[in-house]
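Data first, discussion second: the structure below is written as structure tokens.
The values are calculated or read from the model by the stated rules, or taken from the named source; none is laboratory data. Owing to the predicted nature of the structure, the values given are computational and were not obtained by experimental measurement. Cβ: placed from backbone, ideal geometry, glycine included. Neighbour counts: every protein chain shown.
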Amino acid sequence: MRVAFVSIETVHHRETEANRRLQSILELLAERGHDVQLFCADFWGDETATLERDDVTYHAVAADVEARRSFCLRLPFDLAAASPDVVHASARPPTVLRAAGWGAKLARAPLVSEWYGDGGLEDDRRTRRATAHGDVLVTPSELVATWVRERGADGDVVETIPNPIDVDRVREVAPDDRVDVVYARRLDEDANLESLLLALAELRDRDWSTTVIGDGPERATYERLASDLRIDDRISFVGDLPLEERIAVYRGAHVFAQTAEHCVFPTEMCWGLAAGCVGIVEYHVDSSAHELVEGWERGFRTTSEAELADAIVDAGDLEYRDFDDRFADYDRDVVAKQYIEQYRRLRDEYGLL
């Protein structure tokens, strides 16, 4: 199947959650033999119109990500010339999504629009108009699906497809040393690590150890807080780690704590739960993390530091595991199948027109 992706910005321009998700989708499809093309702004800079990399063909529609007007003017004709079976476009910015819609019409192909929502979704006229573009609107979680519907999308065409993890890779990595609690996230203004630190401080009379994975502008602040709370001797701030080292920590940990205030899909937590961790989530209105633990006997949802501390204690009564096949539904093969089934259904429907 020939799939034409549209995103003016890629992970090669800037590392963001949305761009990482797009890259994951490209890789999933290319690995399975599909013809994958991405129409984007130039990032390779050698004046050639296309770049072949890792079985993906990149098309330079504009010289850089700031050239939105020229990108939108040229995109429909480039898409029509590519004759794709499906056009799959990022919803950000809305002007590029509209241009992708025109290109899909010229190519007589269905349009899938990808709504990731990192940074939230604007509630303005352009965003509301953009929700009308797409035969299917894909979101990473029910949280983002709700945001999209609230901005005018037809709920019947909104589909939730999570970020993928690699279950086989989890099985293959040997567990690291045992640790009671692990936290993993970029340590920025939304990390809310202080909730976990305050909860752990309430348990200072108990025997526990914690590993914090991640770096960021607030790391020094959190390290000072741990020192002020006199619990820094039992907390290891290890900074950023490669994926395999993170998996090893998760397989050795008993609890994965998620307290971030904003999270459209808790990918690191999903890795941790697949690696056997008990999941403890502090609920926040702009976080979807609670969706992973709802209705699960090894998951806790809390709303305060006191409840978080109690959940850590209660989690100690649950058996230690270093793998949980409940999260096989988030595996790369399953996620790839979800996208491919959507593409085939839409292509078959268009073939009947």
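Of the residues that sit in the stretch 204-215 and are surrounded by fewer than 18 Cβ atoms within 10 Å (Cβ to Cβ) and of a type outside the set (K, R), which one is nearest to the chain's Cα centre (by Cα)?
Per the criteria, the residue is D215.
Inspection of the stretch 234-256 identifies at least one residue that is under 23 Å from the mean Cα position of the chain (by Cα), outside any loop (DSSP other than H, G, I, E, B) and closer than 22 Å to S304 by Cα. Taken together, A248, A275, A260 contain a single residue that is under 17 Å from L143 (Cβ atoms) and in the same structural domain as S195 (by TED's automatic domain parsing), which is A260. Among the residues of the stretch 287-344, those identified as part of a helix (DSSP H, G or I) and over 25 Å from the mean Cα position of the chain (by Cα) are E305, A306, E307, A309, D310, A311, I312, V313, D314, A315.
In the stretch 100-118, the qualifying residues are those that are without any contact (Cβ under 8 Å) to a residue 40 or more places away in the chain and among the small types (G, A, S), and the one that is surrounded by the most Cβ atoms within 10 Å (Cβ to Cβ) is S113.
Name the residue that is nearest to E17 (Cα to Cα), counting only residues in the stretch 75-118 that are in contact with a Gly (Cβ under 7 Å, 6 or more places away or on another chain) and among the aliphatic types (A, V, I, L, M). Looking at residues that are in contact with a Gly (Cβ under 7 Å, 6 or more places away or on another chain) and among the aliphatic types (A, V, I, L, M), I get V112.
Of the strands (runs of 3 or more DSSP E) lying entirely inside the stretch 1-57, those containing at least 3 residues that are surrounded by 19 or more Cβ atoms within 10 Å (Cβ to Cβ) and on the phi < 0 side of the Ramachandran plot are 2-6, 35-41.
Looking only at the stretch 180-203, filter to residues that are under 23 Å from W271 (Cβ atoms) and in contact with a Pro (Cβ under 8 Å, 6 or more places away or on another chain); which one of those is surrounded by the most Cβ atoms within 10 Å (Cβ to Cβ)?
L187
Report, by residue number, each residue of the stretch 261-275 that is part of a loop (DSSP other than H, G, I, E, B) and surrounded by fewer than 24 Cβ atoms within 10 Å (Cβ to Cβ). Result: E261, single match.
Just one of the listed residues (A60, A91) is under 29 Å from P266 (Cα atoms) and modelled with pLDDT of 95 or more, namely A91. Entry remark, the stretch 130-167: residues being more than 19 Å from the chain's Cα centre (by Cα), aliphatic (A, V, I, L, M) and buried (at least 22 other Cβ atoms within 10 Å of the Cβ) number 2 in total.
Evaluation of V170 against the conditions (1) closer than 30 Å to L225 by Cα; (2) among the hydrophobic types (A, V, I, L, M, F, W, C); (3) crowded, with 20+ Cβ neighbours inside 10 Å shows that the sole unmet condition is (1).
Are any residues in the stretch 110-120 under 19 Å from the mean Cα position of the chain (by Cα) and closer than 29 Å to M1 by Cβ, and if so, which ones?
Of the residues in the stretch 110-120, the ones under 19 Å from the mean Cα position of the chain (by Cα) are 112-120.
Those that are under 19 Å from the mean Cα position of the chain (by Cα) and closer than 29 Å to M1 by Cβ: V112, S113, E114, W115, Y116, G117, D118.
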